[in-house]
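Below is one structure, written out as structure tokens; comments come after it.
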Amino acid sequence: MTRDQQQPAGDTELGRYLRARRAQVTPAEVGLTPGPGLRRTPGLRREEVASLAGVSIDYYARLERGKELHPSPSVVDALARALLLTENEHEHLRSLAARATRTAPEPPVAPSRTVRPGARLMLESLRPGPAYVASRTNDLLAWNPAGLALFVGIEDWPVKQRNLARYAFLHPAARELFADWEHTLRGCVARLRALAGTEPDAPDLTSLVGELLLKSPDFARLWERYEVKAHAFGRKTYHHPDVGTFTLGYQGMQLEGTRGHRLVTYYAEPGTPSHDALVLLDLTAHKPAPHDAEPPRGRSPKAPGDAPHPSSGHRPPEAGG
């Protein structure tokens with residue numbers, strides 16, 4: 001299904017974002033008393049947002065329907081306040097408004113998958129901590145041994161299929177690996193949603209999103225929420241079948257001079273059980289260079305949705321899940 005088939009004519013990313021965020025704010029959160037009668041709309045009504053932002057109902061309705069394409073900065077800021085947007089969400093709204101004013105869409109540019117030698121050396125220098133370089137759509141482009149072994153079973157997929165969003169939603173091992181699986185899913189979707197707001201027709205994005213919408217009801221549910229807050233740092237707990245349960249801090253950083261490449265590294269305090277697990281993961285991980293071109297010898301590559309390696313102990317996902 002193409003984007004045009006999914007959305008009504010004249011619709012815009014700006015309108016979709018306003019509708020999605022409006023649906024997630026209750027009257028009580030903005031100090032309004034719900035009127036009598038059944039509310040057909042989850043969250044705020046259009047007239048309530050218009051009133052809070054100080055614009056006419058007709059003007060706001062035109063914004064949502066893609067009929068008004070030139071909101072002023074003051075209107076954008078007022079809408080952000082009315083919808084209780086965070087700083088990141090406010091900035092995303094500004095980006096969508098700026099894009100809506102363009103008379104002609106910019107042609108999408110195919111991002112490079114090439115990782116510079118210096119970045120590869122950094123991955124090795126970060127051992128035993130897991131580390132990898134990911135594309136703007138979360139394709140794994142390069143990694144050190146633990147950086148790949150952290151994601152149980154992903155090495156059984158062909159190199160070009162190794163995408164962390166695809167893994168989180170479609171690999172049967174992911175639900176058991178991530179202690180907070182739902183939080184991980186929301187982070188994956190938020191990153192893709194932010195990119196969709198500024199480059200909705202980018203081929204790398206539309207291909208991945210189309211696949212996940214078709215195969216994962218969980219992705220479709222979260223995609224409709226239109227959250228754009230991605231986490232660049234924090235802590236995650238893993239239940240790893242080879243080295244046990246451990247908690248790692250993580251930090252992502254943009255690689256300058258690339259189109260959205262990020263280096264992500266994980267760490268634990270020396271002397272802690274989590275650090276011991278991290279060291280063990282590095283010692284027992286598959287050892288080829290961090291830019292694997294082929295799967296390990298003796299294993300056949302499997303596409304997403306195929307049965308995982310027997311060591312994972314999981315069954316293949318149900319059709320469409």
For the stretch 121-181 and the stretch 46-74, what is the separation of their Cα centres, given in Å?
-> 42 Å
Under a 1.4 Å probe, what is the accessible area of the stretch 67-190 per residue, stated in Å²?
-> 42 Å²
Net charge over other residues, Cβ less than 13 angstrom from the Cβ of residue 256 (K, R count +1; D, E count -1) | +3
Each label point is 7 Å from the Cα along the Cα-to-Cβ direction; what then is the distance between the points at residue 206 and residue 125, in nm?
-> 4.0 nm
Order of 120-133, 187-200, 85-98, 230-243 by packing, highest average Cβ count within 10 Å first?
-> 187-200, 120-133, 85-98, 230-243
Between residue 24 and residues 5 or more places away or on another chain, the pairs with built amide H atoms under 5 Å apart involve 44
Amide H to amide H under 5 Å from residue 163: which residues, 5+ apart in sequence or cross-chain, H placed 1.01 Å off N in plane?
-> 140
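The values are calculated or read from the model by the stated rules, or taken from the named source; none is laboratory data. Here the structure is a predicted model, which means the values were calculated and not measured. Virtual Cβ from ideal backbone geometry, glycine too; neighbours counted across all protein chains shown. SASA here: full protein model, heavy atoms, side chains in, ligands and nucleic acids out. Shrake-Rupley method; radii C 1.70, N 1.55, O 1.52, S 1.80 Å.
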